[in-house]
Amino acid sequence: MGLSIGAIGFIATAEITESVEGSALEEQEDTAVREAAAFDEWDEQNENFLVTASNSPVIHSDDDEAIESYLQEIYYDFPEERMNVLFVDTASEEVIAGVDSNAASVSDNNFPDGDELDDLSIHTVQRTGPYEMPDELGIADDDSPVVSYYIGIEDADRALIFTVSLSDRVGDHTTQTRSDTVVTMLDEQGRIVSDDAQLGFVDNEDMNSSFLRSYDGYEEYAEIADLEGPGAMTVDGQPSESLHDEPYEFAPENYVVGYHTTDDDWTVLVHTSEANALGFVNTVNQFGYLLTAIGVGLIGVLGVVIGRNTATSIRTLSREAEQIKDGNYDVTLESAREDELGDLYRTVDEMRASLVTQLEESEQTRKQAERAREEADEARQEAEQAQQQAEQAQRNAQEQNDHLERTAAQYCDVMQVCADGDLTRRLEPDTENEAMADIATTFNAMLDDIEQTVASISTFADDVSDASDDVRTECVDLEASSDDVAGSVQEITTVAGQQNDRMQTIAAEIQGMSATIEEIASTADTLASTSQQAAKQAGDGMDAAEDVVEEMEVIEHRANGALSELRDLEAAMAEIDEIAGVITDIADQTNILALNASIEAAHASNGGNGDNSGAGFATVAQEVKGLAEETKTSAEEIEELIATVQDQTDTTVTEMEGMRSRVIEGAETVEESAAAFEEIESGVREADHGVQEINDATDDIADATQELVSMADDVTELSKATASEADTVADAVTDQTAAITTVSRNASDLSEQSVELQELLEEFEVDDATADGRDGDGIRTDPDRDDQASRDDDTPGDRTPVVHDSQ
């Protein structure tokens, strides 16, 4: 019986130990899962913050100061582990704007992925590996363990970088309350990149940094975690030497480790010493074995000493123990014995009560572990589901992005064609993306409006060109007419001025004539008496004329006598002239004889007979020659005097003849004067009668002249008014002509501009129906009407659509 009770005790203790140990390992596993999930959540949170910031319109602007202000504004909304946020140039790696950093370029911060900035995704956040960043703010003496997140900016060679501290990261809160547990996170190379001890940094000072320490033997855990998922195990022996020193100082002989991997294949290890992790299990095990041994020993002693009653009590105790073994912990172990068996009963009962308490605590712990495992499973499932959803969402986003990129490229091509002037092209609405469909519909509607507008403008340009040509032609004709009118008005003005001047002259003449008529009227009487005297003087003149006629007859007789004498003198002078000619001839012959005599004298002298007869003869010849020359000279002077006398005589004869003619004419004139005097006498008498009549008429003329002067003054005023109005009309016509010239010039400019507008519009290609302002059925359309129904139509008529790839 003792052996049976001992075996039962050992078996029960082993089962309890195994149950409690399994609960401890599950708890270690759950801790590793929670730590991994906490890191993934933290990692996703950082990415979301960066994506949200990168999608801000301010980041996409070219205003560096606005970007700087925006980053400063949102910086403190980022997680507490933030180190800095930078807006950088991906080509030069230059820092354009940033917060909590004085770096000029990313290389100043030891940024490890500088080469990756040239080809960045604008949709997916990338994360660097863990690295050490110098503390440029001077808060810490050593480099800080960090990791950076970065993403590209659309349509710009820019990137946004967000750096966080790994030493400040806060892990799962349940592990931080357990001083006997060490949590580490290893990267793909097995280096410590995060833990629950701030990586050895205390108050930003590197006391004994464990960052990037190599963890020996990590491959085993990483491989098991990749193949089997999260788990926990008991390890016999000390952990990696990287945990022996500060800040961990964890070097137990045996330990329990829970393991799991993050979404980025970092490995989470949760270490707890075996004594702490399985201490309760060992206690239960040792206590169970002790109770079993005590029970067996007591049974043996009681069996020998006490006997049958003891055996009965022992059998009873054995049955109770069997029930306890079967799990019935509600049995009552009571005994009235005061001996060792009674004590055994009480001890076993206390053991039962203690075991019940331990089991209850173990059950509670198991339930807690079960709940924790369920929560871990749920968290893992949620994480896996979230991961799958994220992966699916990423695939869907990538597919959607690819589809959008293809659609956007096709839209860009059509828009470029439309921008080049072909307004007949249209976008095919994307049925897979409502936003793109709205863009296509809106763009098509806009093109409809633009096409209709271009057609309307083209038609309007034609109308403007024709109208401006007509206006210009009419302006030219009107300008010519205005010039004619201006010329006519100018002539009217000139004539009016001349008329005014003439009327003023006429008025002055009329006034003068009036005065003259008054003078004539005043002198008419004098003229009458004068005419009477003229009649008397005419009679006296007639008598004197008769006397003059008689004297003229005497002068004519004397003139005839003088003329006869002059003619006789002229005949005598002619005879003298003939004589002078004869003398001249004789002188010439004498001169010739003297010459001959000189020649003979010379011959005689050359004879050489010695006498002087030749010399005497030469002297005589010389004297004769001299006389002949003097005679010739005198004869020539006589001829000249005779010629002069003849000329004077001829002149006198001519004058005498003229005087005789004038005397005869004078006599005739005097006779005619006498007859005229007779007529004058008769006329003077008639004039005297007419003067009397004139005297009477001049009075009437004087009165009429006064009225004419008044009328002339009125006409003069009218002429002045006419001239003034003509000047006004001339100025108005001049202004009108200038205005017409301006209108003509503006019409010419408008015509030229309309031609330029037509040339620009010719660069756009529109439908013929639209260009004619008609729809497909030939019905005239209203270009101002907003036909939204036609714009929402997915089949834009005969427009050229964009064909999309079907996913």
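The values are calculated or read from the model by the stated rules, or taken from the named source; none is laboratory data. In this text the structure is predicted, and so the values were computed from the model without any measurement. We place every Cβ from the backbone using ideal geometry, glycine too, and count neighbours over all the protein chains shown. We work out accessible area using only protein heavy atoms, side chains counted, and drop any ligands, DNA or RNA first. Shrake-Rupley method; radii C 1.70, N 1.55, O 1.52, S 1.80 Å.
List the residues, sorted by chain then number, that are 5 or more residues from residue 210 or on another chain and whose placed amide H is less than 5 Å from its amide H.
200
Starting with the highest mean, order 417-425, 186-194 by the number of other Cβ atoms within 10 Å, averaged over the residues of each peptide. The partial results should precede the final answer.
Numbers: 417-425: 16.6, 186-194: 20.4.
My ranking of the peptides, most packed first, is 186-194, 417-425.
Could you check the spin-label model distance between residue 665 and residue 749? Points 7 Å from the Cα along Cα→Cβ, value in nm.
Result: 8.4 nm between the two label points.
Compute the FRET efficiency between residue 572 and residue 537 as 1/(1 + (r/R0)^6), taking r as their Cβ-Cβ distance and R0 = 60 Å, and round to the nearest 0.05.
After rounding to 0.05, the efficiency reads 0.75.
Using amide H atoms built 1.01 Å from N in the peptide plane, name the residues 5+ places from residue 105, or on other chains, whose amide H lies under 5 Å from its own.
Long-range HN contacts for residue 105: 95.
Taking 0.36 nm per intervening residue step and subtracting the Cα-Cα distance, what contour gain separates residue 473 from residue 565 on full extension?
23.3 nm
Once amide H atoms are placed 1.01 Å from N in the peptide plane, what residues at a sequence separation of 5 or more from residue 83, or on another chain, have their amide H within under 5 Å of its amide H?
163, 164, 165
At a 1.4 Å probe radius, carbon and sulfur cover how many percent of the accessible area of region 56-166?
Ligands and nucleic acids excluded, carbon and sulfur reach 38 percent.
Would you mind getting me the FRET efficiency between residue 483 and residue 720? Use the beta-carbon distance for r and R0 = 30 Å, nearest 0.05.
0.65
Describe numerically, in nm with one decimal, the distance between label points set 7 Å from Cα along Cα→Cβ at residue 360 and at residue 223.
A separation of 4.8 nm, rounded to one decimal place.
Gain in length, residue 391 to residue 189, computed as 0.36 nm per residue apart minus the alpha-carbon separation, to one decimal in nm?
Numbers: separation 202, 0.36 × 202 = 72.72 nm, distance 2.47 nm.
Full-extension gain reported as 70.2 nm.
Between residue 92 and residue 676, what is the spin-label point distance in nm, taking each point 7 Å from the Cα along the Cα→C-beta axis?
In this crude spin-label approximation the distance works out to 12.6 nm.
So, taking all protein chains as they sit and a 1.4 Å probe, how much accessible area belongs to residue 720, in Å² rounded to tens?
About 90 Å², rounded to the nearest 10.
Could you sort 396-403, 77-84 so that the peptide with the highest average Cβ count within 10 Å comes first and the rest follow in order?
Result, highest mean Cβ count within 10 Å first: 77-84, 396-403.
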